[in-house]
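Participant: Starting off with a structure, shown below.
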Amino acid sequence: MISLAEATRAAERYVQDMEHACGIPLRLLKDQTIERSFGWAFFYGAAIPPGSGDADAILAGNAPVIVDKRDGSLHVTGTAYPIEQYLDSYMRTGKPHSE
């Protein structure tokens, strides 16, 4: 079992990797984290300075990630459906995407 702090670090590493891949400063949106019995869903977005209104820094398609509390594994969800659908699927099948 991993703690919320460990899961947060895993999610932050993922966001850093995404930041390097897309070239846009990103940040973890810790206040939007969702906890479930199996782990946590973390959200992230563009790191836009408050009040900047920089429309070019808006990031589309940033799917939340699930960090499983049993083993620390990370699972990318999606943006096509509400987050609850991905969380329900993960709870039932261990995968965020139903097949």
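Participant: Given the conditions (1) in contact with a Leu (Cβ under 7 Å, 6 or more places away or on another chain); (2) closer than 24 Å to residue 95 by Cα, report the number of the one that residue 16 does not fulfil.
Facilitator: (1)
Participant: Mind listing just one residue for me: the one in region 51-99 that is assigned to a loop (DSSP other than H, G, I, E, B) and among the β-branched types (Val, Ile, Thr) and, of those, modelled with the highest pLDDT?
Facilitator: 77
Participant: Can I ask one more? Return the residues of region 65-99 that are among the basic types (Lys, Arg) and surrounded by 13 or more Cβ atoms within 10 Å (Cβ to Cβ); say none if nothing qualifies.
Facilitator: Scanning region 65-99 gives a single hit, 69.
Participant: I want to confirm something. Restricting to region 4-49 and keeping residues that are closer than 18 Å to residue 75 by Cβ and among the small types (Gly, Ala, Ser), which single residue is surrounded by the fewest Cβ atoms within 10 Å (Cβ to Cβ)? Show your work before the answer.
Facilitator: Going residue by residue through region 4-49, those that are closer than 18 Å to residue 75 by Cβ are 4, 6-18, 21, 28-29, 32-44.
From the residues that got through so far, the ones that are among the small types (Gly, Ala, Ser) too are 7, 10-11, 21, 37, 39, 41.
Numbers: 7: 22, 10: 19, 11: 23, 21: 9, 37: 6, 39: 26, 41: 23.
Out of the qualifying residues, it is 37.
Participant: Further question: Checking the structure you have, find out if any residue of region 14-35 is touching a residue at least 40 places away in the same chain (Cβ under 8 Å), of a type in the set (A, V, I, L, M) and part of a loop (DSSP other than H, G, I, E, B).
Facilitator: There is no residue in region 14-35 that is touching a residue at least 40 places away in the same chain (Cβ under 8 Å), of a type in the set (A, V, I, L, M) and part of a loop (DSSP other than H, G, I, E, B).
The values are calculated or read from the model by the stated rules, or taken from the named source; none is laboratory data. All values reported here derive from a predicted model rather than from experimental measurement. Cβ sites come from the backbone with ideal geometry, for glycine too, and all protein chains shown count toward neighbours.
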